[in-house]
1. Sequence gap at least 6, Cα distance under 8 Å: using those rules, report the relative contact order of the stretch A:117-183 to the nearest whole percent.
2. Determine the shielding of peptide B:256-262 by partner chains: average, over its residues, the number of Cβ atoms on other chains within 10 angstrom of each Cβ.
3. What ³J(HN,Hα) values, in whole Hz, does the Karplus curve 6.51 cos²θ - 1.76 cosθ + 1.60 give for the stretch B:285-302 when θ = phi - 60°, with x put for Gly and Pro?
4. Could you pull out every one of the lysines with an alpha carbon less than 16 Å from that of A:LYS284, ignoring same-chain neighbours closer than 8 positions?
5. ³J(HN,Hα) across the stretch B:96-104 via Karplus (A = 6.51, B = -1.76, C = 1.60, θ = phi - 60°), whole Hz, x for Gly/Pro?
6. Within the set of other residues whose C-beta is less than 14 Å from the C-beta of B:LEU297, count the net charge using Lys and Arg as +1 and Asp and Glu as -1.
7. When chain A is modelled as a GNM with alpha-carbon springs shorter than 10 Å, which of A:SER360, A:SER82, A:SER250 fluctuates the most?
8. How much accessible surface does B:ASP135 have with a 1.4 Å probe, in Å² rounded to 10?
Number of protein chains: 2
Amino acid sequence: MDTNLVQDDAKLRARRFLDSCGGSVGVYSQSTGVEVVREDVAQYIKQRDQLSANPQNIFLSNGASEAVKSILQLISTGEDGSKRSGIMVPIPQYPLYSATNAEYNAYQIDYYLDESNGWDLSIEQLEEALKKCDDKCIPRALVVINPGNPTGQLLSKDTITNVLKFAYKHNLVVLADEVYQHNIYSPDSRFISFKRALYDIGGRISNELQLASFMSCSKGYMGECGLRGGYCELVNFPEDVQQQLYKSLSARLCSSLLGQLTMDVVVNPPKPHESSYNSFMKEKSSVLEELKQKAELTTKSLNSLQGFSCNPITGAMYAFPRIDLPRKAIEIAKSKGMQPDFMYCLEFLEEYGVCVVPGSGFGQVPGTWHFRITILPSIEEMKLVMDYLKEFHTSFLTKYS
Amino acid sequence: MDTNLVQDDAKLRARRFLDSCGGSVGVYSQSTGVEVVREDVAQYIKQRDQLSANPQNIFLSNGASEAVKSILQLISTGEDGSKRSGIMVPIPQYPLYSATNAEYNAYQIDYYLDESNGWDLSIEQLEEALKKCDDKCIPRALVVINPGNPTGQLLSKDTITNVLKFAYKHNLVVLADEVYQHNIYSPDSRFISFKRALYDIGGRISNELQLASFMSCSKGYMGECGLRGGYCELVNFPEDVQQQLYKSLSARLCSSLLGQLTMDVVVNPPKPHESSYNSFMKEKSSVLEELKQKAELTTKSLNSLQGFSCNPITGAMYAFPRIDLPRKAIEIAKSKGMQPDFMYCLEFLEEYGVCVVPGSGFGQVPGTWHFRITILPSIEEMKLVMDYLKEFHTSFLTKYS
């Protein structure tokens, strides 16, 4: 490697990071993360939301997953003998939430996203879900994934505002999983953070509602999953609760320093006057532009198949099409002790070598069947996958008709 | 950077690692870690213990801490309404254990190490501790730190064997924190792993006792804390329990790929025929030789102070001297709501800028006072620190006499 290949601004970033952590990535940092990274995260949030952010309210983590787990654990811990904590989770959901609730013995309150309305989040559905769980738990938190995983929708500001008002009314902490905030493909859509919407409500809600927002370097245009970088910003968390959380984080010492550095590069990208700006912007735009094309291609291809319906992928990296399965397929699957969509995905994998994930792993309205497919492979591969799927689906219908 | 500075064998190691994980450290790996690393860990254990090891029973983690927490969580989870799990923990202990037990609502069963006998672990003490906790919990696990933190002792094979028999008798899972296995300073001592001792017992114990052993790249001669590499080997864990553990690990996706790679370099160091062997061995030996000198220097200096007694540092990286504090100091500390050793350490920090950790943070026999001091700084710094301590201690005794 020629050192000249590394741009000056990249070297300065590395130097600044190293200066702030004793000159080596081999050291422990503060449990909440290296200070300059938390400052850069605060600056990033400030620029994104036009709102101040305090580095003291930000902690860095091994990917967003670790941060989500820490917050869920904090919320799920109760006195012996008290009722279980209730955590409201969208269905379909990213399984981190159901798995973590099971781990911490929290009571999961499922609320259904409205597939017929672009996977929107309806307040009536939230109220209904809360009513149903009465007495079984103490509802404590509401998880929202925006843009959605596996559902790919982007929530409007109105929806977010209503969700926040609902949470405030019921005294719920809001967990905003915003890891796909860079993955927006619709030209007339813009990512609005839960924090921004919260401040715009004003009054007591703005000053009192407790919000934890999560971000990662594994998604977006970055996709640096293996480096395990993430952060969480806490809004309106009481000082003593925050101290308790930070104390609990200190048991794991700190998150990966290289993950922290990666997060820093994400929140503090090259600026127009810096030498790596052009190549950075070129790569970022091309990745996002390709994802956008693949989002359109995938939705269009899926909707052209018999018995498929798929909402547009407005954000994130997945399509979650609904599939009508022949009655015979459903019966045979059940006789084999399998979910019908699981059998469908298994046969597709076995016959074409393509792995898609059955909807039953994410949750879905009973009696409906889905799968999740990512749009990450290249356009050429995605086209091939869509051809395979068409072939497979046609033969599947014939086989089970 | 000139690529020629990187030795060929290092390039081959990097290439082999990358080939096994899709060519990039930016990807997720299996939840338990990249396969070649787990194979190398198995090979390392095999060579260390002269016993076979199965990569399927090894999982990689963000430092040993994450692995310890996973196992404690697995063991502490009970049915609603059932008694709390009892976890036996040495006193003094590394606070990860007390913190994690508090986090998972486990009942901590303290057992005292025998300071008058080089911080040895006595079976009578274990039996007594277990008897005392009767009815308050269901004893499920026994934690042993060897070499000890903060106590610096190395357990003999006989002691380990007796501990294992005790654990088997009481149906306890053994957590062997062996992260300091490379830090042995006494020429007539050798690290014996719990696994090796377990197999040598033979019979049902060898085949049935459940053991989890932890290792890290943050200690030893490496000290690469910030990269967060660690592993855990499970011995005799039932298949279904192990599956449940691996399922729970999958919620956090995987540990840092660069941490995994670092762990790989630790367990698969340069071999005599490889080009980086000489420089590697030179650095390793010099780090360990210096630590040994500092271990001797520190113990000797501490024991020369009035009212100090310190067991030899046989292993790990710390001295844990006992200090007789003047009655007046004890009274004044208590009137300030402080532990006397905390006040001692605070005054040392304030007056000399040296941070040592009060024994009350690790636990100690009531009425005795200690602090933990690391031997990591350079010899010159350690000498200076010892001079400072002598000055401080003399004036402390005068002040409170």
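1. 42
2. Working: counts 11, 8, 9, 8, 1, 1, 2.
What the average comes to for B:256-262 is 6.
3. 4, 5, 4, 5, 5, 5, 4, 4, 4, 5, 4, 5, 3, 5, 4, 4, 4, 5
4. Partners within reach: A:LYS219, A:LYS271, A:LYS292, A:LYS294.
5. In residue order, the calculated couplings are 3, 6, 5, 5, 5, 4, 5, 4, 9 Hz.
6. On the way: positive: B:LYS292, B:LYS294, B:LYS300, B:LYS383, B:LYS390; negative: B:GLU289, B:GLU290, B:GLU296, B:GLU380, B:GLU381, B:ASP387.
Residues near B:LEU297 contribute -1 overall.
7. A:SER82
8. Counting only protein heavy atoms, the figure is 120 Å².
The values are calculated or read from the model by the stated rules, or taken from the named source; none is laboratory data. None of these values were measured; they are calculated from a predicted model. Ideal geometry is used to build each Cβ from the backbone, glycine not excepted, and the neighbour counts take in all protein chains shown. All accessible areas refer to the heavy atoms of the entire protein, side chains included, with ligands and DNA or RNA removed. Shrake-Rupley method; radii C 1.70, N 1.55, O 1.52, S 1.80 Å.
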